[in-house]
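I'd like to ask some things about the structure below.
Just so it is clear, none of the values below were taken in a lab; they were calculated from the coordinates. Since we're looking at a predicted model, the values are computed, not measured. Backbone-built Cβ (ideal geometry, glycine too); neighbour counts: all protein chains shown.
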Amino acid sequence: MNAAIADQPFSIDTARLFDLPAIHRLERVCFSKDAYDALTLLGLMLNPGMLRLKAVARGMLIGFVAAERRLRAGDGWIITIGVLPEFWGQGIGQALLLAAEREMKVARVKLTVRRSNARAIDLYTRCGYRWVATSRGYYHDGEDGLIMEKEVW
């Protein structure tokens with residue numbers, strides 16, 4: 001998938017093991033206190049059932065999404081999604097999210113977001129997600145996580 005950001009093309013493609021250092025840096029920038037550590041990210045990269053997509057512009061990884069299809073439940077979960085702040089507001093997060101939904105081929109997609117992350121909640125709402133539950137104290141600092149869901153088909 002190709003699109004444009006500020007007259008610069010970006011592409012969305014499968015993330016590979018060699019992308020791990022850039023994904024780790026992106027996680028630390030986007031989610032300082034909630035960033036997955038390198039070992040957890042390695043597990044995501046090695047799990048054959050995990051969908052991993054990256055957004056690349058100017059030869060640089062600028063966004064990443066990992067998602068899991070849960071066949072027994074008939075749904076998918078967005079495990080992590082992030083875009084480097086200097087690329088916010090250019091449709092990259094939305095493009096990654098929609099690409100992950102298409103690739104998972106499930107009827108329903110869920111995710112968890114910090115209650116205070118208004119920017120992400122706005123993106124998810126615009127993409128058709130709705131709040132369905134609250135996971136009390138979900139994050140390391142005790143903040144609640146909002147579980148959001150979208151019927152894809």
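Could you check the spin-label model distance between ASP37 and ALA73? Points 7 Å from the Cα along Cα→Cβ, value in nm.
The modelled label-to-label distance comes out at 2.5 nm.
Can you give the relative contact order of segment 2-151 as a percent, counting alpha carbon pairs under 8 Å and 6+ residues apart? If you can, show how the numbers build up before the last one.
Values: 264 pairs, mean separation 27.0, N = 150.
About 18 percent, as a whole number.
Taking 8 Å as the Cα distance limit and 6 or more residues as the minimum spacing, I'd like the relative contact order of segment 30-73 as a percentage. Intermediate results must be reported in sequence, preceding the final value.
Working: 32 pairs, mean separation 12.6, N = 44.
Computed over segment 30-73, the figure is 29 percent.
At most 11 other Cβ atoms within 10 Å and a DSSP loop assignment: could you name the trypsin sites (Lys or Arg not before Pro) in segment 15-121 that fit?
Numbers: sites: ARG16, ARG25, ARG28, LYS33, ARG52, LYS54, ARG58, ARG69, ARG70, ARG72, ARG102, LYS105, ARG108, LYS110, ARG114, ARG115, ARG119; in loops: ARG16, LYS33, ARG58, ARG72, LYS105, ARG115.
Taking segment 15-121 and a limit of 11 other Cβ atoms within 10 Å, the loop trypsin sites (Lys or Arg not before Pro) found are ARG16, LYS33, ARG58, ARG72, LYS105.
In terms of modelled amide H atoms, which long-range or inter-chain residues lie less than 5 Å from the amide H of TYR36?
none
While we're looking at this one, here's another question. Give a residue-ordered list of calculated ³J(HN,Hα) values for segment 13-18 (Karplus: 6.51 cos²θ - 1.76 cosθ + 1.60, θ = phi - 60°; whole Hz; x for Gly, Pro).
Each residue's phi maps through the Karplus curve to give 8, 5, 7, 10, 4, 5 Hz.
Any idea what the dipole of segment 13-60 comes to, in debye rounded to 20, about its Cα centre with Lys/Arg Cβ at +1 and Asp/Glu Cβ at -1? Provide the component values of the computation, followed by the final result.
Working: 7 positive and 5 negative charges, 29 e Å.
Roughly 140 debye, rounded to the nearest 20.
Among residues other than LEU84 whose Cβ falls under 12 Å from its Cβ, what is the net charge (Lys/Arg +1, Asp/Glu -1)? Write out the running numbers ahead of the final one.
Numbers: positive: ARG25, ARG28, LYS54, ARG58; negative: GLU27, GLU86.
Computed value for this residue: +2.
For segment 87-104 and segment 34-51, what is the centre-to-centre distance using only Cα atoms, to the nearest Å?
19 Å
While we're looking at this one, here's another question. Tabulate in residue order the Karplus-calculated ³J(HN,Hα) for segment 133-141, using 6.51 cos²θ - 1.76 cosθ + 1.60 with θ = phi - 60°, rounded to whole Hz; enter x for Gly and Pro.
6, 10, 9, 4, x, 4, 8, 3, 8
So how strong a dipole does the chain carry about its Cα centre when Lys and Arg Cβ are +1 and Asp and Glu Cβ are -1, to the nearest 20 debye?
Working: 21 positive and 17 negative charges, 59 e Å.
Computed charge dipole of the chain: roughly 280 debye.
Could you calculate the FRET efficiency of TYR139 with ARG25 from 1/(1 + (r/R0)^6), where r is the beta carbon distance between them and R0 is 30 Å, rounded to 0.05?
So, using R0 = 30 Å, E works out to roughly 0.90.
Something else about it: When the Karplus curve 6.51 cos²θ - 1.76 cosθ + 1.60 is applied with θ = phi - 60°, which whole-Hz ³J(HN,Hα) does each residue of segment 146-153 get, with x for Gly and Pro?
Computed from phi, the couplings for segment 146-153 are 8, 8, 10, 9, 9, 7, 8, 10 Hz.
What size of dipole, in debye to the nearest 20, comes out for segment 83-132 about its Cα centre when the only charges are +1 on Lys and Arg C-beta atoms and -1 on Asp and Glu C-beta atoms? Present the calculation step by step, with values, prior to reporting the outcome.
Details: 9 positive and 4 negative charges, 61 e Å.
The calculated dipole for segment 83-132 is roughly 300 debye.
Starting from the amide H of PHE10, placed 1.01 Å from N in the peptide plane, find each other amide H under 5 Å away whose residue is 5 or more places distant or on another chain.
Placed amide hydrogens put ALA3, ALA4, ILE5 under 5 Å from PHE10.
A follow-up question, please. Show that you can apply the helix-only estimate: for the chain, add -39,500 (n - 2.57) for every DSSP H stretch of four or more residues, divide by all residues, and state [θ] at 222 nm to the nearest 500. It would help to have the intermediate numbers written out before the result.
Working: 4 runs with 42 residues, N = 153.
Value at 222 nm, helices only: -8000 deg cm²/dmol.
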